[in-house]
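One structure is given below, represented as structure tokens, and several questions about it will come after.
The values are calculated or read from the model by the stated rules, or taken from the named source; none is laboratory data. Just so it is clear, the model here is predicted, and its values are computed rather than measured. Note that each Cβ is placed from the backbone with ideal geometry, even for glycine, and that neighbours are counted across all protein chains shown. With ligands, DNA and RNA removed, areas are computed over all heavy atoms of the protein, side chains included. Shrake-Rupley method; radii C 1.70, N 1.55, O 1.52, S 1.80 Å.
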Amino acid sequence: MASKTATQNGIAQHSANYGSIVTHHPKKQKTHSRPHTGAEAHYDTTIPKPVRKYLGTYGLFPPEPDTYEVQKKRCLAQLRSKQTNIGKFIYLSQLRHANVHLFYRILTDHFTEITPLVYTPVVGEACQRWSEIYMLPEGMYLSYLDKGNIANVLKNWHQEHVEITVVTDGSRILGLGDLGVNGMGIPIGKLALYTGCAGIRPEGTLPLTIDLGTSNKAFREDPLYLGSRRDKVTPEEEKEFLDELMEALKERWPDIVIQFEDWKNPFPSLQRYRNDYAMFNDDIQGTGAVIMGGIIGAVQQSDVAAKDHRAVFLGAGSAGVGVAQQIVDYFVHEGMSEDDAKRKFWLVDSKGLVTLDRGDKLADHKVYFARDDNEGQQYKSLEEVVDHVKPTIIMGLSTIGGAFTPEILQKMGKMNDRPIIFPLSNPVSKSECTFEEAIVNTDGRALFASGSPFYPYEYKGKTYHPGQGNNMYVFPGIGLGTILCKAIKVTSNMIYASGEALPTMITEEEKDLALLYPQITRIRDVSARVALYVIRAAQKDNVDRLHHLRDMSDEDLEEWIVEKMYDPHKAVESIEDELESLAKDLAHTRSLQGEKSML
Ligand SMILES: NC(=O)C1=CN([C@@H]2O[C@H](COP(=O)(O)OP(=O)(O)OC[C@H]3O[C@@H](n4cnc5c(N)ncnc54)[C@H](O)[C@@H]3O)[C@@H](O)[C@H]2O)C=CC1
Ligand SMILES: CC(=O)C(=O)O
Ligand SMILES: [Mg+2]
């Protein structure tokens, strides 16, 4: 009997990976529904018959088990038959809910096709239309009214072992403005990439959206809007709420990594929590690191020494300042003084070139880069600044689609052999220029990366390949590295290391194509390398807690990281093998005891 109980427990435990399957078997303990891991057993047509019989799901779906290849073929056909991107987004959300391993198998097998549908650009449209398309929670929503009770609300989350959360208040979703609780698409999308790109277990992720009110009047008046109708809370109220939230998260999951995403003004929270929590801000730090990684390659390919570059940034917000700051660190690494490095940057915001004598009160985060050498002259437009600076690099983090006009691009092409052109705003509609515009207006010489994906472009008989300068190349690895070495905080050196890891992954073939980032299809290997660099930096800063990793060689450590990554293909195979063999064991035990076997 003892072995029978052990066997049953084994099946119950493993079948947890199949979501709510256990709910439907009378012998099994009832579990809560699992918004993020799905009820996939009912939809997983690959489950072998003996397992279905044991679990009490035999007869509940078509009789003959599929192979994964057939199942995938059917799913891709269903996906591709949807007429609109939003239809595809909804289909994929339902698939993730219904059969989480299948969703991640398909995502990892078809990164190039699926990523734009669950992340930028389509997630932008999904957030704009969230109130209309909403069907499933897929994460937690906290409200300002929960203040004083946040720890209790967090207890309602059904997963015991959350390793990472992405938290937003929806106040600056991509370049689309304040979308309030509709911003939930972003934590869900980012965490889907955590799982797909860096192998964080799906059930270890917690998408979290906080309703702190919204400045979006149209949403507040929309009867379908799912959030509160109040205006945004004050910065002081936000701070008090976040203090309580951070403490409550750490209390329930002491090792949790917390990623702040798409906040309108994220500098105060980063400053306040970075030393006491394993947290980082993706828009400031993740973007800084990923663009620094791309710039390292671009500087090499431009054949202009780092000290001779001049960068004009359109946009001086969290991403613009984060990126500029990170590249300053890189230039300093390359031997420049900090002051010289800082002087390589001209930041432009909605009022023009950021200068100390512009006459308005500059936000704190802009002061460091404000120019003092403009001799009293104020440059209002990007074109004027380009004429004044004669940059080698133009960077767009402004949310202004098309701001890099053909005239500006042509000037960049005339002034530089290899102009570095990075229109980084998301989604595609906000990109400062398209890949085609950059290629045509520089006669194919642009070194290019954009925030959202573009297709390769054929020009004068040659195919050009765009790079995607998106923080998705680093945040999954930053999170993975932090989790695996149990770092107590995410230091600046860990962020820097994540960007430094990227150029080490570019192959000669990719360099020949002038690519500044590895192909997205290799993102899992890239994330493992990023995690390796992050762990090494954590060790140097003495913030890691898994000290035995310090003794491993880089090669062994990278291999260990890969082994630790959730792989949806292996997950399904091993669970199925084990379930089948456990079911057979049980049948055998029953027949020895003279019970009628179901199998
Ligand atoms: N590629 C990537 O990985 C990332 C891209 N982004 C994108 O960067 C953009 C900006 O993000 P944040 O810096 O966080 O936003 P933000 O709101 O903090 O900053 C926006 C900046 O653009 C400036 N701006 C607005 N209108 C302008 C105009 N007409 N001319 C010149 N400047 C103007 C604002 O003054 C502000 O300095 C968004 O579209 C976002 O999607 C953000 C993070 C990562
Ligand atoms: C990519 C990203 O984090 C953003 O556009 O905000
Ligand atoms: Mg973001």
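When the scattering of the range 50-195 is computed by the Debye formula from its Cα atoms alone, each counted once and equally, what is log10 I(q)/I(0) at q = 0.17, 0.22 Å⁻¹?
-1.06, -1.42
Further, regarding this structure: Indicate the gyration tensor shape class of the range 218-297 (rounded, prolate or oblate), computed on the Cα atoms with a ≥ b ≥ c the square roots of the eigenvalues: a/c under 1.5 is rounded; otherwise a/b larger than b/c is prolate and the rest oblate.
Cα axes put the range 218-297 in the oblate bin.
On to the next question. Which whole-angstrom value gives the distance between the alpha carbon centres of the range 293-350 and the range 433-492?
So the two Cα centres are separated by 16 Å.
While we're on this one: Largest first and to the nearest Å, give the Cα extent of the range 112-270 along each principal axis.
Dimensions of the range 112-270 along the principal axes of its Cα atoms: 43, 39, 30 Å.
Considering only the other residues whose Cβ falls under 12 Å of the Cβ of T405, what net charge follows from Lys and Arg at +1 and Asp and Glu at -1? Spell out each step's value before the answer.
Working: positive: K411; negative: E383, E407, E432, E437.
Value of the local net charge: -3.
Another question, then. Using the C-alpha atoms of the range 250-333, what convex hull volume per residue, in cubic angstrom, is computed?
Here the figure is 110 Å³ per residue.
What Kirkwood Rh does the range 408-523 have if only Cα atoms enter the pairwise 1/r average? Answer in Å.
About 15.5 Å for the range 408-523.
So what is log10(I(q)/I(0)) for the range 290-333 at q = 0.28, 0.29, 0.31 1/Å, when the Debye sum runs over its Cα atoms only?
For the range 290-333 at q = 0.28, 0.29, 0.31 Å⁻¹, log10 I(q)/I(0) is -1.13, -1.18, -1.26.
Out of every Cα pair in the range 183-223, what percent are spaced more than 12 Å from each other?
Summing the P(r) of the range 183-223 above 12 Å gives 65 percent of all pairs.
Could you tell me the convex hull volume per residue, in Å³, taken over the Cα atoms of the chain?
Values: hull volume 100.0 nm³, N = 599.
In the chain, the Cα hull volume divided by residue count equals 167 Å³.
Hey, got a sec? Which trypsin sites (Lys or Arg not before Pro) in the range 305-373 land in a DSSP loop and have at most 11 other Cβ atoms within 10 Å?
Hits after loop and neighbour filter: K361.
On to the next question. Just how large is the dipole of the range 410-475 about the Cα centre, in debye to the nearest 20, putting +1 at every Lys and Arg Cβ and -1 at every Asp and Glu Cβ?
140 debye
To continue, here is another question. Can you give me the long-range amide H partners of V490? Hydrogens built in the peptide plane at 1.01 Å from N, cutoff under 5 Å, separation of 5 or more residues or another chain.
Amide H neighbours of V490: M279.
Please report the base-10 log of the normalised intensity I(q)/I(0) for the range 450-579, using a Debye sum with one equal scatterer per alpha carbon and no solvent, at each q in 0.09, 0.13, 0.23 (1/Å).
Debye output, listed in q order: -0.33, -0.62, -1.27.
Given the protein chains as shown and a 1.4 Å probe, how many square angstrom of E500 are accessible, to the nearest 10?
70 Å²
For Cα pairs less than 8 Å apart in space and 6+ apart in sequence, what is the mean separation divided by the residue count of the chain, i.e. the relative contact order in percent?
14 percent
Could you give each residue of the range 543-551 its phi-based ³J(HN,Hα) in whole Hz, using Karplus coefficients 6.51, -1.76, 1.60 with θ = phi - 60°, and x for Gly or Pro?
10, 7, 10, 9, 5, 5, 5, 5, 7
Right, here's the next one. Based on the alpha-carbon set only, what is the convex hull volume of the range 264-382 divided per residue, in Å³?
116 Å³
Give the percent of DSSP beta bridges with both residues in the chain that are antiparallel, rounded to the nearest 5.
About 15 percent, rounded to the nearest 5.
If you don't mind, another one. Taking 8 Å as the Cα distance limit and 6 or more residues as the minimum spacing, I'd like the relative contact order of the range 116-268 as a percentage. If you can, show how the numbers build up before the last one.
On the way: 254 pairs, mean separation 49.5, N = 153.
The value is 32 percent.
Next question. Convert 37 °C to kelvin, take the viscosity as 0.692 mPa s, use the Kirkwood radius over C-alpha pairs of the range 91-170 as Rh, and evaluate the Stokes-Einstein diffusion coefficient in µm²/s, rounded to a whole number.
Value of D from the Cα-based Kirkwood radius: 219 µm²/s.
Can you send over the solvent-accessible area of D44, 1.4 Å probe, protein chains only, in Å² to the nearest 10?
Using a 1.4 Å probe on the heavy atoms, I get roughly 10 Å².
Starting at the first residue of the range 443-454, write each ³J(HN,Hα) from the Karplus equation 6.51 cos²θ - 1.76 cosθ + 1.60 with θ = phi - 60°, in whole Hz, x for Gly and Pro.
For the range 443-454, the Karplus-derived couplings read 6, x, 9, 5, 8, 10, 8, 10, x, 9, x, 10 Hz, x marking Gly and Pro.
Turning to a different aspect of this structure: Quick one: accessible surface of I296, probe radius 1.4 Å, all protein chains present, in square angstrom to the nearest 10.
Spelled out: I296, probe radius 1.4 Å, area about 20 Å².
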